[in-house]
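Below is the structure I would like to discuss, written out as structure tokens.
Please treat every number below as a calculation from the coordinates, not as lab data. Not measured: the values here are computed from a predicted model. Cβ sites come from the backbone with ideal geometry, for glycine too, and all protein chains shown count toward neighbours.
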Amino acid sequence: KNIPIPKKLVLLGESSVGKTSLVLRYVNHFFDSRTEPTIGATYLTKTIDFPKYSLRLQIWDTAGQERYHSLAPLYYRGAHGALVVYDVENLDSWERAKEWVKELKSNGDPNILIDIIGNKTDLDIRVDPVEVASYCEENGFGFTETSAKTDSNVDEAFSNLAKKFKVD
Ligand code: GTP
């Protein structure tokens, strides 16, 4: 089988939306309700196989707390893809997600692929998914609603983005 092609992927979003939980669910298949806020950023890798090739996802899970905001460019620069995460129960986190998109567009790689994740669908959904879907449609972003807790759509959220990476 061919050697996996490295692709850099970054998770961005307000603190406590569940970025670390999504990565731990995706890579290590577990959920911990008492994750600590990320400091700086955490790095994990995962190989994802497609019929004709494999990718080595180099996943940077960034810290959402505002005090770490100035570090974010270190992680999103040179990234092939970004997963911008909000919490479906938290309206502010959706506003913050749109701010992250603006920052990526003004400061990130012009070719970066962006998808939006609405996490915590096991809780009350307060952010209107119709609004998010139309925003994503206008911008050409993918949109996946997930629960890291119940393992709903987590694999899909990563693979939906990964399958859009160019490999030639
Ligand atoms: P920062 O590292 O500060 O940026 O936070 P984060 O976005 O990485 O959030 P984290 O994964 O640490 O999760 C914050 C809290 O939300 C933790 O208590 C998680 O257990 C909880 N959480 C994460 N995902 C879900 C989910 O899908 N459902 C529910 N109910 N809780 C979740």
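Failed condition for residue 102, given (1) under 20 Å from residue 21 (Cβ atoms); (2) free of Cβ contacts under 8 Å to residues at least 40 places away in the same chain; (3) basic (Lys, Arg); (4) assigned to a helix (DSSP H, G or I), with all others met?
Checking residue 102 against (1) under 20 Å from residue 21 (Cβ atoms); (2) free of Cβ contacts under 8 Å to residues at least 40 places away in the same chain; (3) basic (Lys, Arg); (4) assigned to a helix (DSSP H, G or I), the one that fails is (1).
With the structure loaded, tell me whether residue 166 is basic (Lys, Arg), within 16 Å of the ligand (Cβ to nearest atom) and assigned to a loop (DSSP other than H, G, I, E, B) or whether it fails that test.
no
Further question: Read through the list (1) touching a residue at least 40 places away in the same chain (Cβ under 8 Å); (2) within 11 Å of the ligand (Cβ to nearest atom), then give the number of the only condition that residue 118 fails.
(1) is the only condition that residue 118 fails.
Moving on to the next point. Looking at (1) under 26 Å from residue 56 (Cβ atoms); (2) outside any strand (DSSP E or B), which is the only condition residue 84 fails?
That leaves (2) as the condition not met.
On to the next question. Among the residues of region 19-65, what is the count of those that are in contact with a Pro (Cβ under 6 Å, 6 or more places away or on another chain) and near the ligand (Cβ under 7 Å from one of its atoms)?
1
Taking the stated definitions as given, is residue 125 within 16 Å of the ligand (Cβ to nearest atom), of a type in the set (Val, Ile, Thr) and touching a Ser or Thr at 6+ places or on another chain (Cβ under 8 Å)?
Criteria not met by residue 125.
Restricting attention to region 87-97, does a residue exist that is more than 15 Å from the ligand (Cβ to nearest atom) and not in a loop (DSSP other than H, G, I, E, B)? Outline the logic, then answer.
Of the residues in region 87-97, the ones more than 15 Å from the ligand (Cβ to nearest atom) are 91, 95.
Applying the additional criterion that residues be not in a loop (DSSP other than H, G, I, E, B) yields 91, 95.
Yes.
I'm checking my understanding of the structure. Among residues of region 128-150 that are polar (S, T, N, Q) and closer than 17 Å to residue 23 by Cβ, which one is farthest from the ligand (Cβ to nearest atom)? Break it down into steps so the answer makes sense when it comes.
Restricting attention to region 128-150, the residues satisfying the condition of being polar (S, T, N, Q) are 134, 139, 144, 146-147, 150.
Okay, now just the ones that are also closer than 17 Å to residue 23 by Cβ, so 144, 146-147, 150.
Values: 144: 12, 146: 7, 147: 4, 150: 7 Å.
Among those residues, the one meeting the criterion is 144.
Let me ask something else about it. Which pairs turn up if I take residues in region 139-160 that are on the phi > 0 side of the Ramachandran plot and look for partners that are in a helix (DSSP H, G or I) and within 12 Å of the ligand (Cβ to nearest atom) with beta carbon separation below 9 Å, at least 6 apart in sequence or on another chain?
The qualifying pairs are 151/25.
Separate question: Can you name every residue in region 15-45 that is crowded, with 22+ Cβ neighbours inside 10 Å, in a loop (DSSP other than H, G, I, E, B) and in contact with a helix residue (DSSP H, G or I) (Cβ under 7 Å, 6 or more places away or on another chain)?
Hit for region 15-45 is 17, nothing else.
Can you tell me how many residues within region 1-18 are within 12 Å of the chain's Cα centre (by Cα) and away from the ligand (no atom under 16 Å from the Cβ)?
Here the count works out to 1.
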